[in-house]
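The values are calculated or read from the model by the stated rules, or taken from the named source; none is laboratory data. Keep in mind it's a predicted model, so treat the numbers as computed, not measured. Ideal geometry is used to build each Cβ from the backbone, glycine not excepted, and the neighbour counts take in all protein chains shown. For the accessible areas, the whole protein counts, side chains as well, though only heavy atoms, and no ligand, DNA or RNA atoms are used. Shrake-Rupley method; radii C 1.70, N 1.55, O 1.52, S 1.80 Å.
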Amino acid sequence: MNLDLTPDQRAFQREVAAFAKAHVEPASARIDETGEFPWALVKLAGANGLAGMTIPEPWGGGGCDYVSYALAIETVARSSATLATILIVNNSLVGEVLARFGSDPQKAQWQRPLASGQATGAFALSEEHAGTDAANVEMQAAEADGGAAYILTGRKTWVASAEGANVLLVFAATRPGMRAHGITAFLVPMSAPGIERTARADSLGVRGLGCMDLTFTGVRVPADQVVGAVNEGFKVAMWALEGGRVAIAAQALGIGQAALDEALGHARARQVFGRPIAEYQAIQFMLADMATELDAARMLTHKAAALKPFQVSIAQEAAQAKLAASIAAHKAADTAMQILASVGYRRGSKVERLFRDARATEIYQGTSETQRMVIADHILQLRRHA
Ligand SMILES: Cc1cc2nc3c(=O)[nH]c(=O)nc-3n(C[C@H](O)[C@H](O)[C@H](O)COP(=O)(O)OP(=O)(O)OC[C@H]3O[C@@H](n4cnc5c(N)ncnc54)[C@H](O)[C@@H]3O)c2cc1C
């Protein structure tokens, strides 16, 4: 069993770290402060190959392996969790779905712009009554023009990147009431008549995500914009979330590692009772636990990423990675706050931002309870009725 990164993986990690140091770190506090969608930075990240890392090269992507992708997301998230989420949505939840399920004309239209960052994608699954219960989608897609088109009506909530998106992957009920067996995925340009941005989420953390609620009023979508098969959209969404959860695990590791870095720096520098607080065993134990929990979660994350090309499904591995990494990140940010004390608690400190950002990783792309349900289903060999 070889746990070493390959020379290519290390080189890619160094490249992304240089990009993050030069461009992401200087922008991150302002993104958090203003809550504005970081248009220019997203374009720059795309121009530097970060928008479509795992998209095959013939479609303009980087053709990266999943471990490299996880390393890149962790590295970006050490500087900006917001940018990391935008890249994850674009890459895992839209780009990879097109690469796996899209038709050639769909790929020809969107794959290259998405992979290069010229276009941004968003993933619209959640609704007011369809969060954890994702199969309970109420948005309807009614057949029109003798099956040549669908008319979408309903409301989506918390659509990350919607503020900057050019194209949406939308999940709607083509057989209302049939839950997972009656949902279809559609590719819809954000400019389609009938889509209205109805609310902007002001959130605790990941504040530049451009999360919007979207109301669809009679939005006409040609039938050739169905992604995958009609009524098979729930499987498309769950497939997308497997990769997405590995990436959120990597994001959580980045947030947690940044918290550990801040805590280490402060513990060495801060003198109390005439000595650096790093000399007190209480502080040392906190740092030791942070490092150990993050490393354990990193192993699960890299395991899930490494298995992705070899297994039909990595649902359990991805859920375990996300669960462990998001808990480790939350704890690391909380402990860093304790070590920095008043310095960390000050509004505008990096640890204060990490503390708020970490929390999102336990909620989006399935809460921690959702991950536990997925894991329990696998270890108990249950078939939950979606
Ligand atoms: C910052 C942010 C960005 C987001 N981005 C997107 C996006 O881009 N696209 C998108 O489609 N969605 C997005 N979401 C929505 C996100 O996926 C949902 O918020 C999440 O799935 C949880 O759904 P909910 O908020 O409706 O919680 P609920 O489903 O209402 O759950 C409430 C609580 O009950 C628990 N719970 C529910 N059912 C059970 C059960 N059976 N057993 C035990 N506990 C249970 C949950 O774990 C949670 O603790 C985003 C959310 C946030 C906060």
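With all pairs of different C-alpha atoms in the average, the Kirkwood value for the hydrodynamic radius of the stretch 219-290 is 16.3 Å. Note on Ala199 and Ile379: the extension gain reaches 60.8 nm, defined as 0.36 nm multiplied by sequence separation minus the Cα-Cα distance. Think of a 1.4 Å ball rolled over the protein heavy atoms: the stretch 122-231 then has 40 Å² of accessible area per residue.
Considering only Met337, Met290, Met178, the mean-square fluctuation computed in a Gaussian network model of the chain, springs between alpha carbons under 10 angstrom, is largest for Met178. Take every pair of alpha-carbon atoms less than 8 Å apart whose residues are at least six positions apart; their mean separation over the length of the chain yields a relative contact order of 16 percent. For the stretch 122-231, the relative contact order comes to 31 percent (Cα pairs under 8 Å, sequence separation of at least 6). Between Ile255, Ile339, Ile88, the residue with the greatest mean-square fluctuation in the GNM of the chain (Cα pairs under 10 Å linked by springs) is Ile339. Output the DSSP H helices from the chain with an along-axis C-alpha extent of no less than 24 Å and a mean Kyte-Doolittle hydropathy no less than 0.5. Sorted by number, the helices that extend far enough and score high enough are 233-269.
So for the stretch 109-220, considering every pair of alpha-carbon atoms, how many percent are separated by more than 24 Å? Here the long-distance tail beyond 24 Å is 24 percent of all Cα pairs in the stretch 109-220. In the stretch 7-120, Rg over Rh equals 0.97, where Rg is the alpha-carbon radius of gyration and Rh the Kirkwood radius from pairwise Cα distances. Extents of the stretch 137-179, largest first, come to 33, 23, 12 Å (Cα atoms, principal axes, whole angstrom). Over all pairs of different C-alpha atoms, the stretch 311-386 has a mean inverse distance whose reciprocal, the Kirkwood radius, equals 13.9 Å. Once the 1.4 Å probe is applied to the protein heavy atoms, the stretch 234-379 comes out at 44 Å² accessible per residue. Thinking of the stretch 292-354 as a set of Cα atoms, what percent of all their pairs are more than 17 Å apart? The proportion of pairs with Cα distances above 17 Å equals 50 percent. Placing unit charges on C-beta atoms (Lys and Arg positive, Asp and Glu negative, everything else neutral), compute the dipole magnitude of the chain about its Cα centre in debye, rounded to 20. That gives the chain a dipole magnitude of about 440 debye. So how far, in whole Å, is the C-alpha centre of the stretch 307-357 from the one of the stretch 1-62? Using only Cα atoms to place each centre, the spacing works out to 19 Å. From its DSSP helices (H runs of at least four residues, each -39,500 (n - 2.57)), the chain gives a residue-normalised ellipticity at 222 nm of -16000 deg cm²/dmol. Across the stretch 146-278, the volume of the C-alpha convex hull divided among the residues equals 138 Å³ per residue. Distance from the C-alpha centroid of the stretch 211-238 to that of the stretch 284-299: 41 Å, rounded to the whole angstrom. Heavy-atom surface analysis with a 1.4 Å probe gives the stretch 262-325 a carbon and sulfur content of 60 percent of its accessible area. What residue among Ala99, Ala141, Ala11 shows peak mean-square fluctuation when the chain is described by a Gaussian network model with Cα springs under 10 Å? It is Ala11. For the stretch 234-379, the spread of Cα coordinates along the three principal axes comes to 59, 26, 23 Å, biggest extent given first.
Percent of Cα-Cα pairs more than 37 Å apart in the chain, please. The share of Cα pairs beyond 37 Å in the chain comes to 19 percent. Ordered by solvent-accessible area of protein heavy atoms (1.4 Å probe), largest first, the residues Met373, Met139, Met1 come out as Met1, Met373, Met139. Radius of gyration over Kirkwood radius for the stretch 75-119, both on Cα atoms: the Rg/Rh ratio is 1.07. Given +1 at the Cβ of Lys and Arg, -1 at the Cβ of Asp and Glu and no other charges, the dipole of the stretch 96-138 around its Cα centre is 420 debye to the nearest 20.
Charge tally around Gly121: other residues with Cβ under 15 Å, Lys/Arg +1 each, Asp/Glu -1 each, net +3.
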